[in-house]
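What follows is a single structure, written as structure tokens, with notes after it.
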Amino acid sequence: MGDQPSAVVSALLALRVAVRDHSACPTANTRARTPSRDRLTPMSETRLTRREALLGLAAAPLFTSALDAQVRASSLCFTSTVEMARLIRTKRLSAREALAAHLKQIEHVNPRVNAIVTLVPEMASDAAAKADEMQARKERLGPLHGLPVAHKDLVETRGIRTTFGSPLYKDNIPTENDLIVERLRRAGAITIGKTNTPEFGAGSQTFNTVFGATHNPYDLTKTCGGSSGGAAVALACGLVPVADGSDTGGSLRNPAAFCNVVGFRPSIGRVPNPKAAFGWSTLSTSGCARQCRRRSEPLTDFGPRQ
């Protein structure tokens, strides 16, 4: 049976064990007698019976099609931002399909790394549908048209919770967008949620009392750096193709280095910030992060390594 798909064999063996363990639970009817299976030759834990193999081969197309769909979705999430934008622009990929793939990746991976702390799938779905409609009407498209984006939880997002990583603002819902958010939307990006940050962005780690810690995708016991740690981990895990952040003393570059992605600190003033406490300050600026074109793999089996 060496030609059997390994995933099918593994699934069938797991199913057999589950059924066996369930049937082995004592009940009122089984306590008084010895199960008939105990009088038979034990089955191998690693080999299928002929009947199980035949059933498995019959079900193989169902297993493999489901696995192929999962692989395709995950592979798409690690497509470069430029390539993904090109696929959408040439109608080989819709904004809704791109969003669905990333939402699936978030569902599968994010609970283990805690990179995205506020998710707005309904809002994102509406925006993706409008993006596809714009393209169908041949309207002018922005350079980021249809790409999901996550914003650092230090920038205000209209109608989306913005906590600044602080319990003082755990229920804060802004009524307007910061300029960087507005410009990303004008460029066609679709807001999917917010990424984790230390309280008020103060620190080179990423944890707070509102959402807890964000974990390094290469080793869940290690730090991801900060303060744009949520953005760096989200990119490393393929949760989004685009993420913004901010940098005062390395808050974009530090977590990017920890998570094997690229953090870019623009020149002061290149990304305007009208709400800055000190308009003349040359210390802090908004910026962005992206995946590396060549990188080692942070994920195995569609999730970070244990």
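Determine if the stretch 118-139 includes at least one residue that is surrounded by 17 or more Cβ atoms within 10 Å (Cβ to Cβ), within 14 Å of the chain's Cα centre (by Cα), in a helix (DSSP H, G or I) and β-branched (Val, Ile, Thr). The answer is no, given that none of the residues of the stretch 118-139 is surrounded by 17 or more Cβ atoms within 10 Å (Cβ to Cβ), within 14 Å of the chain's Cα centre (by Cα), in a helix (DSSP H, G or I) and β-branched (Val, Ile, Thr).
Quick check, is Thr221 surrounded by 17 or more Cβ atoms within 10 Å (Cβ to Cβ), of a type in the set (Val, Ile, Thr) and either farther than 28 Å from Pro143 by Cβ or within 15 Å of the chain's Cα centre (by Cα) (or both)? So Thr221 fails the test.
Is there a residue in the stretch 259-278 that is in the same structural domain as Phe207 (by TED's automatic domain parsing), on the phi > 0 side of the Ramachandran plot and modelled with pLDDT under 90? Yes; the residues of the stretch 259-278 include at least one that is in the same structural domain as Phe207 (by TED's automatic domain parsing), on the phi > 0 side of the Ramachandran plot and modelled with pLDDT under 90. Residues that are under 18 Å from the mean Cα position of the chain (by Cα) and either over 21 Å from Leu239 (Cβ atoms) or among the acidic types (Asp, Glu) (or both) within the stretch 140-168 comprise just one, Asp153.
Might you let me know whether the stretch 209-222 holds any residue that is among the polar types (S, T, N, Q), more than 30 Å from Ile88 (Cβ to Cβ) and not in a strand (DSSP E or B)? Within the stretch 209-222 (the criterion being among the polar types (S, T, N, Q), more than 30 Å from Ile88 (Cβ to Cβ) and not in a strand (DSSP E or B)), the answer is yes, since at least one residue qualifies.
Taking the listed residues Gly230, Gly245, Gly226, the one that is crowded, with 24+ Cβ neighbours inside 10 Å, touching a Ser or Thr at 6+ places or on another chain (Cβ under 6 Å), in the same structural domain as Thr162 (by TED's automatic domain parsing) and under 15 Å from Asn110 (Cα atoms) is Gly230, with no other qualifying. Give the stretch 199-231 a look and list any residue that's closer than 24 Å to Gly159 by Cα, touching a strand residue (DSSP E or B) at 6+ places or on another chain (Cβ under 6 Å) and not acidic (Asp, Glu), or say none. Result: Phe207, Phe211, Ser228, Gly230, Ala231. When Thr191, Thr206, Thr157, Thr214 are checked against the criterion of being touching an Asp or Glu at 6+ places or on another chain (Cβ under 9 Å), at pLDDT 95 or above and β-branched (Val, Ile, Thr), Thr157 stands alone in meeting it.
The selection criterion, being out of contact with any Ser or Thr (no Cβ under 9 Å at 6 or more places or on another chain) and assigned to a loop (DSSP other than H, G, I, E, B), does not hold for Thr163.
The values are calculated or read from the model by the stated rules, or taken from the named source; none is laboratory data. Nothing here was measured: the structure is a model prediction, and the numbers come from that model. No Cβ is skipped: glycine too gets one built from the backbone with ideal geometry, and neighbour counts run over all protein chains shown.
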